[in-house]
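Notes follow the structure.
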Amino acid sequence: MKATAKAHTNIALIKYWGKRDESLILPMNSSLSVTLDTFYTVTTVEFNEKLTEDVFFLNGEKADHTDTERVSNYLRAIRKFAKKHLFAVVRSENHVPTAAGFASSASGYAALAAAATKAIGLNLHPQELSQFARLGSGSACRSIYGGFVEWQKGVKEDGSDSFAVPILHEDDFPIAVLSVMVATNRKKVLSRAGMKRTVETSPFYQGWLDTVEHDLSELKHALELRDFTLLGEIAERNALKMHATTLGANPPFYYWQSATMEVMEAVQNMRSQGIEAYFTMDAGPNVKVLCLPEDEQKVYDQLKQIPSVKKIFTCHPGPGVTILPTG
Ligand code: DP6
């Protein structure tokens, strides 16, 4: 009753922003991401009949009450589905620079879903696994697959048609994603709270909904054509639009810091020098810069010169979730 899984993070090119169901984690819009090779989580789950509660270790240390409760609530859904009332020890190693603000619930819940369902004896189709990962964190459902992945929002109330599907294998369209970590000094509004506030209070949210499906179909077209310029333009535009919705929320908020804008400007300047680079940002101040592999060194060198840039991690499209041998 033990299994280990490895899952990678992903970055959305068309963002998931807003839920139509908070408890089943059903999104208002479909989204599309690329799974990244550099950052991942390895999680081992062991169910044991001697245990009287779930225990959670994160990076070798016993996790606090809040984190343990979230993992335990999550395991409850798996127990219920498998009809086995056993508690588990969960050990998670995050190879994601969490303290640096690259915390990822996507790789975390994708690895947990895969390890827990395997350990409890369920043999799921990736589509079902994607739905289980979604119940932990929306973006996690996309990390089940490698390469370019679409999360189809679905329309059913029970969420049975809301899962990720692979669009392009990780080797099919080589791009580079430079994860740029900037100096950060503000406590962030978590994505879960931020999207809820935006849906409930921002008059700009309707504008997001009115255009996001069009952005998605254009991006899929760019992938079909392997058109990097089109991909970059759409991804940058979609990210800016998502961030614009937060400015209309009540109370208003934004994820950018001055360093974020410096990186955005540097990327736009690169384009005026003929280097094809584009940016996207999630619910935090760090920036992901998209470029072609042949430009990655040039882009890296220019970003490195910005004083507020602390670290740059170079990533490429990476693989989907895998079950590892348990020791
Ligand atoms: C801005 O998946 O972290 O990164 O479903 O509430 O756990 P929950 O949210 P989460 O939100 C990710 C939002 C985003 C965009 C994206 O990854 O698509």
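We did not get these values from a lab; they are worked out from the coordinates using the rules stated. Predicted, not measured: the structure shown is a model, and the values here were computed from it. Glycine gets a Cβ as well: all are built from the backbone with ideal geometry, and neighbour counts include every protein chain shown.
Numbers at a glance
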| quantity | calculated |
| --- | --- |
| Neighbourhood net charge (10 Å Cβ-Cβ; Lys/Arg +1, Asp/Glu -1) for Lys196 | +1 |
| Estimated vicinal HN-Hα couplings, Hz - the range 202-212 in sequence order (Karplus 6.51, -1.76, 1.60; Gly, Pro = x) | 8, x, 7, 4, 4, x, 4, 5, 5, 10, 5 |
| Greater than 20 Å apart at Cα, pairs in Lys6/Lys288; Lys153/Lys196; Lys19/Lys118; Lys153/Lys188; Lys241/Lys288 | Lys6/Lys288; Lys19/Lys118; Lys153/Lys188 |
| Ellipsoid equivalent to the chain - semi-axes via the Cα gyration tensor, in Å | 32, 21, 20 |
| Dipole moment magnitude, nearest 20 debye, the chain about Cα centre, only Lys, Arg, Asp, Glu C-beta charged | 1060 |
| Gaussian network model of the chain, springs between alpha carbon atoms under 10 Å - residue of Ser160, Ser33, Ser23 with greatest fluctuation | Ser23 |
| Contour minus Cα-Cα distance for Lys310 and Ser217 (0.36 nm per residue) | 30.0 nm |
| Ascending count of other beta-carbon atoms within 10 Å, so fewest first, for Trp17, Trp256, Trp208 | Trp256, Trp208, Trp17 |
| Spin-label pair Asp21/Asn250, simplified geometry with 7 Å Cα→Cβ offset, distance in nm | 2.9 |
| Estimated FRET transfer efficiency (Glu53, Asn123; beta-carbon r; R0 30 Å; 0.05) | 0.65 |
| Separation of the Val165 and Gln273 label points, Cα + 7 Å toward Cβ, nm | 4.2 |
| Loop-resident sites, the range 52-92, for GluC sites (Glu not before Pro), counting at most 12 other Cβ within 10 Å (DSSP) | Glu53 |
| Neighbour cut-off at most 15 other Cβ (10 Å), DSSP loop, GluC sites (Glu not before Pro), the range 104-157 | Glu157 |
| Charge dipole of the range 1-151 about the Cα centre (unit charges at C-beta), most positive-ward option of Ala82, Ala114, Thr44 | Ala82 |
| Under 5 Å, built H, 5+ apart or other chain: amide partners of His95 | Tyr40, Thr41, Val42 |
| Debye intensity ratio I(q)/I(0), log10, the range 45-91, q values 0.17, 0.24, 0.33 Å⁻¹ (C-alpha model) | -0.44, -0.84, -1.28 |
| The range 12-120: trypsin sites (Lys or Arg not before Pro) in DSSP coil with no more than 15 other Cβ atoms inside 10 Å | Lys50, Lys83, Lys84 |
| Rg and Dmax of the range 214-327, Cα atoms only, in Å | 16.2, 53 |
| Sites Ala82 and Glu224, calculated FRET efficiency, Cβ-Cβ separation with R0 41 Å, nearest 0.05 | 0.60 |
| Mean projected area (nm²) of the alpha-carbon convex hull when the range 142-198 is viewed from all directions | 6.4 |
| Least to most buried among Ser217, Ser31 (fewest other Cβ within 10 Å first) | Ser217, Ser31 |
| P(r) tail fraction, the range 1-151 - alpha-carbon pairs more than 18 Å apart, % | 54 |
| Aspartates and glutamates whose Cα lies under 18 Å from that of Lys310, excluding same-chain neighbours fewer than 8 positions away | Glu262, Glu265, Asp282, Glu296, Asp301 |
